[in-house]
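What follows is a set of notes on a single structure, which appears directly below.
The values are calculated or read from the model by the stated rules, or taken from the named source; none is laboratory data. Please read these numbers as outputs of a predicted model, since none were measured by experiment. Using ideal geometry, Cβ is built from the backbone for each residue, glycine included, and neighbour counts are taken over all protein chains shown. Quick note on the areas: whole protein, heavy atoms, side chains included, nothing else; ligands and nucleic acids left out. Shrake-Rupley method; radii C 1.70, N 1.55, O 1.52, S 1.80 Å.
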Amino acid sequence: MAAVNRGKQPSLAQLRAFAAVAEHLHFRDAAAAIGMSQPALSGAVSALEEALGVQLLERTTRKVLLSPAGERLAVRAKAVLGEVEALLEEADAVKAPFTGALRLGVIPTVAPYLLPTVLALVHETYPHLDLQVHEEQTSSLLEGLAAGRLDLLLLAVPLGVPGVTELPLFDEDFVLVTPLDHWLGGREGIPREALRELNLLLLDEGHCLRDQALDICREAGRADAPVTTTAAGLSTLVQLVAGGLGVTLLPRTAVRVETSRSSQLLTGYFADPAPTRRVALAMRSGAARAAEYAELADALRGALRPLPVRVL
């Protein structure tokens, strides 16, 4: 099909003038309704007719009537003006901070323990923010951030990923969770070197907490990877410990929730400096909402102070 040469494009002012005349069927009333002078209104409608190449109005000395073409195009003009108004309203909403959707990705070893605090903060402080939470492992979260599927991440750092900016929230210690009859159960000042000989239970591959636990073991001088039994989540891991299959490392934020599930557990604490992990928000570098995310991080630091962490 050959391309149609449409000549001049109609302006929004011309469409508003025509829509007003189509509604009032009176130039003076239409001009008053949209705040234009009557000559300017008449000129805008004439210019629209010229741009479109059709007669929109039948003008007489007594009244104004829509031509058949005018009746059809008046519907389109109103629709276009309605969409323009919706666009402007949406732009105003986007400009307002902490409104619209925020797609937050969270790792499984953080989500159950920090989300209550995050959700309470958003509900109380940012009631117009549509928070959407996605729990995934670190690699999947980073892919989602890079692809634009996610806006912000809550996870353990450092990531060392180009194009990702980290907003550190807190550091927290790891503790040793043992069965009741374990020789380290309930002790304080445990040396890291004790990890060399322990039957340490770990999460499955892909969890950053597993990698952190292995790093801690290597720092303690353990050469082998202590992998005999693994679990998909911390709850299962702790139940395995309660059953006497070994010991595990838990971040402090997880201790109250996970150890309350069984009476067959004890918690031991390492000597200073204890092994730690750092938790942060992460965003795309140069994100359009970077200032909002920074403000959210600051508010979250305040909300996290009651937890057993060292806020940064």
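Observations, loosely collected:
- Per the listing Arg103, Arg76, Arg16, the residue uniquely assigned to a strand (DSSP E or B) and among the charged types (D, E, K, R) is Arg103.
- Residues satisfying the stated conditions in region 147-173, i.e. assigned to a strand (DSSP E or B) and touching a Lys or Arg at 6+ places or on another chain (Cβ under 7 Å): Ala156, Val157, Val164, Pro168, Leu169, Phe170, Asp171, Glu172, Asp173
- Considering Arg187, Arg218, Arg210, the condition of being more than 30 Å from Asp130 (Cβ to Cβ), open to solvent by 40 Å² or more (accessible area, probe 1.4 Å), of a type outside the set (A, V, I, L, M) and not in a loop (DSSP other than H, G, I, E, B) is satisfied by Arg218 alone.
- Residue in region 88-97 that is within 28 Å of Ala294 (Cβ to Cβ), outside any strand (DSSP E or B), touching a strand residue (DSSP E or B) at 6+ places or on another chain (Cβ under 7 Å) and open to solvent by 60 Å² or more (accessible area, probe 1.4 Å) present: yes
- Evaluation of Pro158 against (1) modelled with pLDDT of 85 or more; (2) open to solvent by 50 Å² or more (accessible area, probe 1.4 Å); (3) farther than 22 Å from Thr253 by Cβ (one fails), failing number: (3)
- Verdict on Val64 being surrounded by 15 or more Cβ atoms within 10 Å (Cβ to Cβ) and under 30 Å from Asp211 (Cα atoms): no
- Looking only at region 278-292, and only at residues there that are within 17 Å of Val161 (Cβ to Cβ) and in contact with a Phe, Trp or Tyr (Cβ under 7 Å, 6 or more places away or on another chain), the one that is modelled with the lowest pLDDT: Ala287
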